[in-house]
Amino acid sequence: HRDLHLSLRRQRQMCIRDSAIFNVPIADDQHTLNAVNTAQEIRDVVAQTEFCGRQLSCRVGITTGNVVAGNVGAKDRLNYTVHGDIVNLAARLEQLNKEYGTSILVAASTVERVTGVKFDEIGNIQVRGKEEGVSVYTLTS
């Protein structure tokens, strides 16, 4: 019974977590494009699907940079995770979607590395935890 409870709790935590990691631990030359394409796919699937009779929405923040990555936790609760300023920035961008009425916000660090995708500039915005503004974009509709 305890194992089932832990398993269900872990599954719920996995659903609550809202991050995807590209280019770690396996190198991916197209990681920025894959991140943007995945965000679009998630947005589209959520928009076209009812979950338990409810229409949900989602918000995504994307940025590119260096992270500290690895396994963290006890032996029976080991998780692969990433830490760093860039991870925090992605989380802040996800939250800022609500303020800007967007579903996907992308930092310039990613936009500069992606080809074949059109972006609309939101502007240079102040992000909590950052001293300098961050240039932010959204996907062109």
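The values are calculated or read from the model by the stated rules, or taken from the named source; none is laboratory data. Since we're looking at a predicted model, the values are computed, not measured. Counting neighbours? That spans all protein chains shown, and the Cβs are built from the backbone with ideal geometry, glycine included. Each accessible area value is taken on the protein alone, full model and side chains, heavy atoms only, with ligands, DNA and RNA left out. Shrake-Rupley method; radii C 1.70, N 1.55, O 1.52, S 1.80 Å.
Looking at the range 17-32 only, could you name the residues that are within 23 Å of Tyr100 (Cα to Cα) and open to solvent by less than 90 Å² (accessible area, probe 1.4 Å)? Spell out how you get there, then give the answer.
If we filter the range 17-32 for residues that are within 23 Å of Tyr100 (Cα to Cα), which is where we start, we get 17-20, 32.
Matches in the range 17-32: Ala20, Thr32.
Counting just the residues of the range 84-103 that are small (Gly, Ala, Ser) and within 15 Å of Ser19 (Cβ to Cβ), which one comes out surrounded by the most Cβ atoms within 10 Å (Cβ to Cβ)? Explain how you work it out, then say what you get.
Kept after step one, since they are small (Gly, Ala, Ser), are these residues of the range 84-103: 84, 90-91, 101, 103.
Retained after the next criterion (residues that are within 15 Å of Ser19 (Cβ to Cβ)): 84, 90-91.
Working: Gly84: 13, Ala90: 27, Ala91: 15.
Per the criteria, the residue is Ala90.
Among the residues in the range 67-83, are any touching a residue at least 60 places away in the same chain (Cβ under 8 Å), part of a strand (DSSP E or B), surrounded by 10 or more Cβ atoms within 10 Å (Cβ to Cβ) and touching a helix residue (DSSP H, G or I) at 6+ places or on another chain (Cβ under 7 Å)?
No, because not a single residue in the range 67-83 is touching a residue at least 60 places away in the same chain (Cβ under 8 Å), part of a strand (DSSP E or B), surrounded by 10 or more Cβ atoms within 10 Å (Cβ to Cβ) and touching a helix residue (DSSP H, G or I) at 6+ places or on another chain (Cβ under 7 Å).
Within the range 123-140, which residues are open to solvent by 60 Å² or more (accessible area, probe 1.4 Å) and in a strand (DSSP E or B)?
If the condition is that a residue be open to solvent by 60 Å² or more (accessible area, probe 1.4 Å) and in a strand (DSSP E or B), then Asn124 is the only one that fits.
Which of the residues spanning the range 39-58 are open to solvent by 70 Å² or more (accessible area, probe 1.4 Å), assigned to a loop (DSSP other than H, G, I, E, B) and under 26 Å from Thr110 (Cβ atoms)?
Leu56, Ser57
Could you list, in sequence order, the residues of the range 104-116 that are open to solvent by 30 Å² or more (accessible area, probe 1.4 Å) and touching a helix residue (DSSP H, G or I) at 6+ places or on another chain (Cβ under 6 Å)?
Result: Arg113, single match.
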